[in-house]
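A.B. asks: Please find one structure pasted underneath; my questions will follow.
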Amino acid sequence: MRVLVAPASPLLIERLPDEEGDLVEAGPDDPRQPHVVDLEREADPFRDLDAKPFPADFDLRLRISPEELDFALKQADALHFIGHGNVGTLLLESRHATGRAVDIDWLRERFTARGLRLAVFQSCLTGNQAGAVSGVAHTLIEAGVPIVLAMMQSVSVDGARVFFSRCNRSGGL
């Protein structure tokens, strides 16, 4: 099994919603900017597993962009995404380390008929839906991914790391 490990944590999101939901300019000191995840630290457990006998090969792509994710999915049997998410969106990166959100339409188009057997989202709220907005997990299941593991709540980086480290040690992904 070939597992695409795709961490993303933009250093800056240039436009964020204000109190009314309108997108406005946002600087690096804006308190609405998401926490920057230490991607090297998040990648270490996969590097450790790759050095041991394990029933999977890992393709680690730090700071994944939408274009790179689209390309890398073509050779993957499974996806493990590490980064920020929300109901109906994943936050990927541009080549300048700024945020590039992808929505459920983008995800549905990329995941339909890809043959992916498993998708794991180590990111907040990717298992939720809100009204007419499908969640990330639900969208992938509709697109034909048979097994999707996603978070229903906000989760700390440390909490997610512990959970997925234990899953990986027991032979899960």
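The values are calculated or read from the model by the stated rules, or taken from the named source; none is laboratory data. From a predicted model like this one, the values you see are computed outputs, not experimental measurements. Note: ideal-geometry Cβ built from the backbone for every residue, glycine included; neighbour counts use all protein chains shown.
Yes/no per residue for (1) buried (at least 22 other Cβ atoms within 10 Å of the Cβ); (2) touching a residue at least 12 places away in the same chain (Cβ under 8 Å); (3) assigned to a loop (DSSP other than H, G, I, E, B):
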site: LEU79; (1), (2), (3): yes, yes, no
site: ARG114; (1), (2), (3): no, yes, yes
site: GLY127; (1), (2), (3): no, yes, yes
site: ILE141; (1), (2), (3): no, no, no
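A.B. asks: Quick one: in region 40-67, which of the residues that are in a loop (DSSP other than H, G, I, E, B) and at pLDDT below 90 is nearest to LEU140 (Cα to Cα)?
C.D. replies: First pass over region 40-67, keeping only residues in a loop (DSSP other than H, G, I, E, B): 51-56, 61-65.
Filter again for at pLDDT below 90, leaving 51-56.
Values: ALA51: 30, LYS52: 30, PRO53: 30, PHE54: 26, PRO55: 24, ALA56: 21 Å.
Step by step, filter region 40-67, then rank; the result is ALA56.
A.B. asks: Exactly one condition in (1) without any contact (Cβ under 8 Å) to a residue 12 or more places away in the chain; (2) of a type in the set (Val, Ile, Thr); (3) outside any strand (DSSP E or B) is not met by VAL24; state its number.
C.D. replies: The single condition VAL24 does not satisfy is (3).
A.B. asks: Spot the failing condition for VAL120; the list is (1) outside any strand (DSSP E or B); (2) in contact with a strand residue (DSSP E or B) (Cβ under 8 Å, 6 or more places away or on another chain); (3) β-branched (Val, Ile, Thr), and only one is missed.
C.D. replies: For VAL120, the exception is condition (1).
A.B. asks: Given the structure, is ASP105 acidic (Asp, Glu), within 20 Å of VAL145 (Cβ to Cβ) and surrounded by 13 or more Cβ atoms within 10 Å (Cβ to Cβ)?
C.D. replies: Numbers: acidic (Asp, Glu): yes; within 20 Å of VAL145 (Cβ to Cβ): yes; surrounded by 13 or more Cβ atoms within 10 Å (Cβ to Cβ): no.
It is false that ASP105 is acidic (Asp, Glu), within 20 Å of VAL145 (Cβ to Cβ) and surrounded by 13 or more Cβ atoms within 10 Å (Cβ to Cβ).
A.B. asks: Out of ASP70, ASP29, which single residue is touching a residue at least 12 places away in the same chain (Cβ under 8 Å), of a type in the set (Asp, Glu) and either surrounded by fewer than 18 Cβ atoms within 10 Å (Cβ to Cβ) or in a loop (DSSP other than H, G, I, E, B) (or both)? Can you show your working first?
C.D. replies: Numbers: ASP29 fails: touching a residue at least 12 places away in the same chain (Cβ under 8 Å).
Matching residue, one of ASP70, ASP29: ASP70.
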